[in-house]
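Participant: I have a structure here, written as structure tokens, and I will follow up with some questions on it.
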Amino acid sequence: MKKILLGLAACLALSSAVKAQDNTLTKKEIKQGWKLLFDGTDLKGWHSFKRDTAAANWKAVNGEINYDRDHNNAGDDLLTDGVYENYELQLQWKISPGGNSGIIFDVQEAPQYSATYQTGAEMQVLDNVGADDNKKQNHLAGCLYDMIGDATVSHPVTPGEWNQVRLIQNKGHLTFYLNGTKTVDVQIGSPEWTAAIAQSKFKDKYFADFLKIQKGHIAIQKHPGASGWKNMKILELKD
């Protein structure tokens, strides 16, 4: 019995140690130049689209950024204060059953724009089974929304559990990974890119400035369902 209790204590200690590592950087990562986008305690460094601060339904709770749709449906997408050009972004996300969200990047906040996705592209966040927006292959989790990706590469975990993202933008080249699987690998402006735009909603006039500037804010999307975000860090890539 004593050995069993000692074993349980060791497991609990290990679990606590792993949890304590959320929203932190290792010495190696600090040396490499990684920066935290969220420290696990507050929303410093973030604001809602075209606002100075975060709207009421975005909260830092238990080491996560949470979006609560039930909070009077207030606010808009949540953006980094900083703008980024060439970088690797890593984060973890979870979504409620039937939920939908997204990681939108190269977002511009000029007065003429009414939404983050008018100028920025999106890595989809989705419950592939229960969400309404699961009818098109390139609308599944990990895809470049409405453009590139399909069910063969979209492998999210069960809703409520944590997914791992790597999103790399380097000199106009986009590479996405979801849970270790490469979901997107495309050069902006290439024939593949042009063909994908032509078959997407982004060909419409409303999206005339879609990804015309490959530098901007990074956003997480206000959308149906509750979402959670943690371990959000970025490495700016140098020449």
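Participant: Where residues in the range 25-47 are in contact with a Phe, Trp or Tyr (Cβ under 9 Å, 6 or more places away or on another chain) and in contact (Cβ under 8 Å) with a residue 60 or more places away in the chain, which of them is nearest to residue 226 (Cα to Cα)?
Facilitator: Checking each candidate, the answer is 38.
Participant: For the range 118-137, which residues satisfy the criterion of being touching a residue at least 60 places away in the same chain (Cβ under 8 Å) and either part of a helix (DSSP H, G or I) or farther than 21 Å from residue 94 by Cα (or both)?
Facilitator: 118, 119, 120
Participant: Tell me which residues, restricted to the range 143-156, are within 16 Å of the chain's Cα centre (by Cα) and more than 18 Å from residue 211 (Cβ to Cβ).
Facilitator: Selection gives 154, 155, 156.
Participant: Scan the range 26-46 for residues that are closer than 17 Å to residue 237 by Cβ and in a loop (DSSP other than H, G, I, E, B) and jot them down.
Facilitator: 33, 34, 37
Participant: Right, another one. Conditions first: (1) within 13 Å of residue 101 (Cα to Cα); (2) surrounded by fewer than 22 Cβ atoms within 10 Å (Cβ to Cβ). Residue 127 passes all but one, so which condition is the exception?
Facilitator: (2)
Participant: On the given criteria, is residue 66 in a loop (DSSP other than H, G, I, E, B), modelled with pLDDT of 95 or more and under 20 Å from residue 164 (Cα atoms)?
Facilitator: no
Participant: Can you name the number of the only condition in (1) modelled with pLDDT of 95 or more; (2) surrounded by fewer than 22 Cβ atoms within 10 Å (Cβ to Cβ); (3) more than 14 Å from the chain's Cα centre (by Cα) that residue 239 fails?
Facilitator: The failed condition is (1).
Participant: Residues 60, 9: which one is modelled with pLDDT of 95 or more and either closer than 22 Å to residue 225 by Cα or loosely packed, with under 13 Cβ neighbours inside 10 Å (or both)?
Facilitator: Among 60, 9, only 60 is modelled with pLDDT of 95 or more and either closer than 22 Å to residue 225 by Cα or loosely packed, with under 13 Cβ neighbours inside 10 Å (or both).
Participant: Then there is this: Here is a list of conditions, (1) of a type outside the set (Phe, Trp, Tyr); (2) within 21 Å of residue 90 (Cβ to Cβ); (3) part of a loop (DSSP other than H, G, I, E, B), and residue 174 meets all of them except one; can you say which number that is?
Facilitator: Unmet for residue 174, out of (1) of a type outside the set (Phe, Trp, Tyr); (2) within 21 Å of residue 90 (Cβ to Cβ); (3) part of a loop (DSSP other than H, G, I, E, B): (3).
Participant: Still on this model: Just checking, how many residues over the range 116-136 are farther than 17 Å from residue 167 by Cα and in contact with a Ser or Thr (Cβ under 8 Å, 6 or more places away or on another chain)?
Facilitator: Of the residues in that region, 2 qualify.
Participant: Moving to a separate point now. Restricting to the range 157-176, what's the tally of residues that are in contact (Cβ under 8 Å) with a residue 60 or more places away in the chain and under 13 Å from the mean Cα position of the chain (by Cα)?
Facilitator: Residues in the range 157-176 being in contact (Cβ under 8 Å) with a residue 60 or more places away in the chain and under 13 Å from the mean Cα position of the chain (by Cα): 7 in total.
The values are calculated or read from the model by the stated rules, or taken from the named source; none is laboratory data. Keep in mind that what you see is a predicted model, and the values were worked out from it rather than measured. Here the Cβ is made from the backbone with ideal geometry for all residues, glycine too, and neighbour counts use every protein chain on show.
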